[in-house]
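In what follows, a single structure is set out as structure tokens and then discussed.
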Amino acid sequence: MDEDVRSRGPVQDSAGTAAAADPRRWRALAVLALVQFMFTVDSSIVNVALPSVQRELGASTADLAWVVNAYVVTAGGLLLLGGRLADLWGRRRMFLVGTAVFAVASLTSGIAASTGMLVASRFGQGLGEALAAPAALSMIALMFADSRERARALAIWGGLSGLGATAGVLLSGALTELAGWRWVFFVNLPVAAVALLLTPRLVEARPGSGGRRVDWAGAVLVTAGLIALIAGLLAAGHNGWTAPAVLVPLGAGLAALAGFVAVEAKTAEPLVPLRFFASRVRLSANLATITLTSGMAATMFLLTLYMQNVLGYQPLATGLAYLPFCVAFLGGLMASTALTARLGTTGTIGAGLLLSAVGMVYLALRMSVTSGYAADLLPATVMIAAGLGIAFPTLQNAALQGVTDDDAGLGSGVQTTMQQLGSALGLAVFTAIAIGRTGAALASGDSTPAAAVSGYQWAFFIAAGALVITALLMPLTVRTARETGDRTRTGGRS
């Protein structure tokens, strides 16, 4: 089988048959998905613990922002480079290196004696994810060559990724209250140890494509551009869109990315061959991923603020309130594969996005300073989560459509980068919308809680609109012969 990685197993009639029949590829998936779960948990687990960090380490508000942002900026900026290095130097090798770096950085985060040490360690965690995450996703794409098996595998992967963001809120509240904030980092160590021990036993290492030079000029431009862009987007939530702290990094980031495109068009061995985006399916799926993850990040962040600041929920109660979200997300994942067989890729993505949009509209309409959980929050979060669960794995599958042994790492790096960009964009844009509307409501005489609710409502209405627009555009931008054939065979529609 022409793969970078294969599950070990007895030799049968062909390498492809052996790999297809070997049950250890599912155990390999479990280990790889567990590590991805750890990454997504870590992107959100620190939020509830920040007040405790501030008290113990004497951190300023700006320092606390960097405790969160250092991870997102580094992971998002280096993912494309990590994906290409996995293609060139071997995916299992890069996965193990990245996981080890993440574990060491988690340890130093947990024992940090100063804010500077903690922020530096968070940069290290972002580097570890950037090396390991695209390598893991590309291994899955290549281990599961059968389209149906790949869809199930990516549904599991996507499910754990999505659940990680929610579980981070729950774990952060529980660990901070019961064991102390340092344990939000120490909890990563046993997961990393399991992955480092079991991956060499379950996944066979094969050399990367090698023999080619790394496009360092492109790597520097795209990494610097994405870091500057993400930093500018994150700064917008606190400074407003016209502040120099926002405009300067955004301008620098866009200039660097424009330079990156120019370099990639001319170099003989580009980091990201522009032909990779010739597939309208992959291009549209990656762009739609930005919208989906923007909506998810906005929901998690703004809903958490609403429950704590307006409704008065404690951290642990806030985390427990997300349990139905987790269950509904899993339900959406289980429905995703069956819906894809009936509706096609674009139909399934559209259905998921529209369901989430309905949930956001319901949430915005039911929000008040006295909203109840069962009647107001629960139905909305269930619809939002189910829609995300339906759309997320289908988008990942579409974003990796047609990848080869040479560019699987690139494809997964692009997809994961889009997720990070979407999260940063959602936090920046929708937080800025909420803050702006809250300020206007305060100026008109509303009470502070009522003004905050007004801001949250506007943010959710606009987020719902973005999901609806994306759902309507997907069928117009993705028309392929393959999907036409799928519709003919299944009787579904795209």
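The values are calculated or read from the model by the stated rules, or taken from the named source; none is laboratory data. Since the structure is predicted, the reported quantities are computational estimates derived from the model, not experimental observations. Every residue, glycine among them, receives a Cβ derived from its backbone with ideal geometry; neighbour counts consider all protein chains shown. The accessibility values were calculated without ligands, DNA or RNA, using every heavy atom of the protein model including side chains. Shrake-Rupley method; radii C 1.70, N 1.55, O 1.52, S 1.80 Å.
Hey, could you get me the Stokes-Einstein D for the chain, Kirkwood radius over alpha-carbon pairs, 20 °C and 1.002 mPa s, rounded to whole µm² s⁻¹?
D, rounded to a whole number, is 94 µm²/s.
Starting from the residue with the highest accessible area, list E204, E264, E56, E149 in decreasing order, probe 1.4 Å.
E56, E204, E149, E264
For the chain, take the longest principal axis of its alpha carbons; what is the angle in degrees between that and the long axis of helix 61-89, to the nearest 10 within 0 to 90?
With both axes taken from Cα atoms, the answer is about 10 degrees.
How big is the equivalent ellipsoid of segment 232-301 along its three axes, where each semi-axis is √(5λ) from the Cα gyration tensor, reported in whole Å from largest to smallest?
For segment 232-301, the semi-axes come out at 28, 20, 7 Å.
Order the following by accessible area, largest value first: F186, F461. Probe radius 1.4 Å; ligands, DNA and RNA are ignored.
Result, largest first: F461, F186.
Going by a ≥ b ≥ c, the root eigenvalues of the Cα gyration tensor, does segment 173-288 fall in the rounded group (a/c under 1.5), the prolate group (a/b larger than b/c) or the oblate group?
Note, shape of segment 173-288 comes out oblate.
As a test question: what accessible area, to the nearest 10 Å², does V194 have when a 1.4 Å probe is rolled over all protein chains in place?
The value for V194 is about 60 Å².
Using helices alone, I'd like the mean residue ellipticity at 222 nm for the chain: each DSSP H run of four-plus residues gives -39500 (n - 2.57), total over residue count, nearest 500.
Mean residue ellipticity at 222 nm (helix-derived): -27500 deg cm²/dmol.
Can you give the angle from 0 to 90° between the axis of helix 188-202 and the longest principal axis of the chain, with both taken from C-alpha atoms, to the nearest 10?
The answer is roughly 10 degrees.
Take the alpha-carbon centre of segment 413-438, take the same for segment 113-134, and report the distance between them in whole Å.
21 Å
Given charges of +1 on the Cβ of Lys and Arg and -1 on the Cβ of Asp and Glu, with all other atoms neutral, how large is the dipole of the chain about its Cα centre, in debye to the nearest 20?
700 debye
Stretch T370-A113 to full length: gain in nm at 0.36 nm per residue minus the Cα-Cα span?
88.4 nm
Relative to the first principal axis of the alpha-carbon coordinates of the chain, what is the inclination of helix 24-45, with its axis defined by its Cα atoms, in degrees from 0 to 90 and to the nearest 10?
20 degrees
Using alpha carbon centroids, what distance separates segment 48-92 and segment 230-255, in Å?
18 Å
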